[in-house]
Amino acid sequence: MEGRIERLLTAVWGNRQGFVFLPYKEQPTDWHETPGIPYNGALPSLPELPSKADRYFCPVVFSKPHRKKEYALQTNLLWADLDPIHPDECRLKPSIAWESSPGRYQALWFLTEEIDPDEAAALSKRIAYADGGDKGGWDLTQVLRIPGTRNFKYESAPEGRVLWAKSNAYAPEEVKGAYPPVDGNGH
């Protein structure tokens with residue numbers, strides 16, 4: 001499974017250079033914010049974690065080893081924690097979609113070009129609001145459950161599963177046309 005996860009994360013982060021983040025949570029309450037991992041288009045081996053750790057990743061790459069919005073780099077990704085909304089119900093079909101636990105979903109959309117990180121967050125917010133996902137799951141420091149890992153929030157520890165991973169990409173204008181602004185500022 002590790003090789004599959006590393007390939008997927010490398011596809012998500014692409015050829016960017018900076019720092020990536022893979023925080024984890026030991027259930028029920030211990031959140032661990034891990035140090036930024038230097039990234040140059042290839043992910044080193046995933047860090048060793050306790051056996052019952054929920055594993056997360058931030059889809060954004062950062063210029064400094066701090067997961068703070070002011071260090072977010074340009075990106076060609078949008079993201080959403082869809083919660084109970086199946087990715088087939090989204091206005092634009094996600095590029096990568098996974099079930100994070102039974103009946104709970106998360107997704108990424110590739111863009112045809114890199115955009116400013118604030119614009120990526122604003123477009124991700126549009127997706128979350130219009131498609132009925134988690135209204136707090138769109139910010140630049142958002143973490144998502146790593147596809148294919150176990151969810152220890154549940155006693156049965158179900159393994160998440162990738163529904164699809166395709167290379168389809170959308171122009172930012174196409175996303176803007178499909179998803180209405182959330183506020184009066186065009187975001």
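Taking every residue in the stretch 83-102 that is over 19 Å from F57 (Cα atoms) and without any contact (Cβ under 8 Å) to a residue 12 or more places away in the chain and pairing it with any residue that is part of a loop (DSSP other than H, G, I, E, B) and open to solvent by 10 Å² or more (accessible area, probe 1.4 Å), at least 6 positions away or on another chain, yields no pair with a Cβ-Cβ distance below 7 Å. Among the residues of the stretch 109-119, not a single one is surrounded by 13 or more Cβ atoms within 10 Å (Cβ to Cβ), under 25 Å from D30 (Cα atoms) and under 14 Å from the mean Cα position of the chain (by Cα).
For K52, the requirement of being closer than 23 Å to A157 by Cα, in contact with a strand residue (DSSP E or B) (Cβ under 8 Å, 6 or more places away or on another chain) and of a type outside the set (D, E) is met. Could you tell me whether L163 is part of a strand (DSSP E or B), open to solvent by 30 Å² or more (accessible area, probe 1.4 Å), touching a residue at least 40 places away in the same chain (Cβ under 8 Å) and of a type outside the set (S, T, N, Q)? For L163, the condition - part of a strand (DSSP E or B), open to solvent by 30 Å² or more (accessible area, probe 1.4 Å), touching a residue at least 40 places away in the same chain (Cβ under 8 Å) and of a type outside the set (S, T, N, Q) - is met.
None of Y105, Y56, Y24 is among the aromatic types (F, W, Y), surrounded by 14 or more Cβ atoms within 10 Å (Cβ to Cβ) and more than 22 Å from L163 (Cβ to Cβ) except Y24. When you scan the stretch 94-117, do you find a residue that is basic (K, R) and at pLDDT 95 or above, even just one? Within the stretch 94-117 (the criterion being basic (K, R) and at pLDDT 95 or above), the answer is no, since none of the residues qualifies.
When restricted to residues that are modelled with pLDDT under 95 and in contact with a Ser or Thr (Cβ under 9 Å, 6 or more places away or on another chain), the stretch 118-139 contains 3. Across the stretch 103-153, what is the total count of residues that are among the aliphatic types (A, V, I, L, M), in contact (Cβ under 8 Å) with a residue 40 or more places away in the chain, in contact with a Cys (Cβ under 9 Å, 6 or more places away or on another chain) and part of a strand (DSSP E or B)? The qualifying residues number 1. All of P94, P47 fail the test of being open to solvent by 10 Å² or more (accessible area, probe 1.4 Å) and part of a loop (DSSP other than H, G, I, E, B), apart from P47.
The values are calculated or read from the model by the stated rules, or taken from the named source; none is laboratory data. Just so it is clear, the structure is predicted and the values come from calculations on it, not from any experiment. Cβ sites come from the backbone with ideal geometry, for glycine too, and all protein chains shown count toward neighbours. The accessibility values were calculated without ligands, DNA or RNA, using every heavy atom of the protein model including side chains. Shrake-Rupley method; radii C 1.70, N 1.55, O 1.52, S 1.80 Å.
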